[in-house]
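Novice: I'd like to ask you about the structure that follows.
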Amino acid sequence: GAGVSQTPSNKVTEKGKYVELRCDPISGHTALYWYRQSLGQGPEFLIYFQGTGAADDSGLPNDRFFAVRPEGSVSTLKIQRTERGDSAVYLCASSTTGGQGETQYFGPGTRLLVL
Amino acid sequence: AQSVTQPDIHITVSEGASLELRCNYSYGATPYLFWYVQSPGQGLQLLLKYFSGDTLVQGIKGFEAEFKRSQSSFNLRKPSVHWSDAAEYFCAVGAHNTDKLIFGTGTRLQVFP
């Protein structure tokens, strides 16, 4: 079946602009995760959804970052007033029901470049 | 706080040689441990995971890892490396009381023919 998909694959924007990054999880997966991977680093957790609600948003760096999952499937990560430091690969993952030890399946990521 | 350390940033091996990638974790209880591989342009793919039972875990593509509580380690091994194994490898721990993963900084594996 289809894996996790993310759009766009690449996004170039200017400092101060607003961007939206989309994630389509594996069908039927109730848990969805966003991570950010900077150059030369491992992925860093941003936010985790269980269904429509954010179960853990402790990784969001500041209030410029916001994510939604209104119908419990597709999720959108929104970044306001982008800064050059936001440049990174944004990864989305999903798992069947969530829970420790459950496999998270990752998408290919969206590479964001803020000029 | 939980953390993961991958001491080797870059490893180079010859094709057919054995491989061991190191991973050390900091965690207050029995950890959930994972190894993921990331090839250029690809998403992270799970190689194997440990959360209980046998401390030697078998994964895909001929990889295995051994959980050693006394050393707080979860090293990844492969007896004979193939050129297609060249990639970035990440060790991760499942965080306490949450479902997020905490990743190490990764080890880049280069394979020479």
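Novice: Return the distance in nm (one decimal) between the two label points of a simple spin-label model at A:Glu71 and B:Ser80, each offset 7 Å from Cα along Cα→Cβ.
Specialist: Simple spin-label model gives 5.1 nm for this pair.
Novice: Treat each spin label as a single point 7 Å out from the Cα along the C-beta direction, and report the A:Arg81 to B:Thr30 distance in nm.
Specialist: Computed distance between label sites A:Arg81 and B:Thr30 equals 4.8 nm.
Novice: Quickly work out the B:Asn97-to-B:Glu20 label distance, labels modelled 7 Å from Cα along the C-beta direction, and quote it in nm with one decimal.
Specialist: Using points 7 Å along Cα→Cβ, the separation is 3.6 nm.
Novice: Right, here's the next one. Restricting to Cα pairs below 8 Å that are 6+ residues apart, what does the relative contact order work out to for chain A? Please round to a whole percent.
Specialist: Relative contact order for chain A comes out at 36 percent.
Novice: If exposed trypsin sites (Lys or Arg not before Pro) are those in a DSSP loop with at most 16 other Cβ within 10 Å, what is the longest stretch of chain A that has none?
Specialist: Details: sites that count: A:Lys15, A:Lys17, A:Arg64, A:Arg81.
Looking at chain A, A:18-63 is the longest stretch - no exposed trypsin sites (Lys or Arg not before Pro) with at most 16 other Cβ atoms within 10 Å.
Novice: Taking 30 Å as R0, compute the FRET efficiency from the Cβ-Cβ separation of B:Gln71 and B:Gln110 and round it to 0.05.
Specialist: Once the sixth-power term is evaluated, E becomes 0.70.
Novice: Rg (Å, one decimal) plus Dmax (Å, integer) for the alpha carbons of the stretch A:1-96?
Specialist: 12.8, 38
Novice: How high is the relative contact order of chain B, given as a whole-number percent (alpha carbon pairs under 8 Å, six or more residues apart)?
Specialist: The value is 38 percent.
Novice: Label the stretch B:25-66 by shape, choosing from rounded, prolate and oblate, from the square roots a ≥ b ≥ c of the eigenvalues of the Cα gyration tensor; if a/c is under 1.5 it is rounded, and otherwise prolate applies when a/b is larger than b/c, oblate when it is not. Walk me through the intermediate numbers first.
Specialist: Details: a/c = 3.31, a/b = 1.57, b/c = 2.10.
Judged from the Cα gyration tensor, the stretch B:25-66 comes out oblate (a/c at least 1.5, b/c at or above a/b).
Bear in mind these aren't lab numbers, they're just calculated from the coordinates by the rules spelled out. Bear in mind the structure is a predicted one, so any value in this text is a computation, not a measurement. Here the Cβ is made from the backbone with ideal geometry for all residues, glycine too, and neighbour counts use every protein chain on show.
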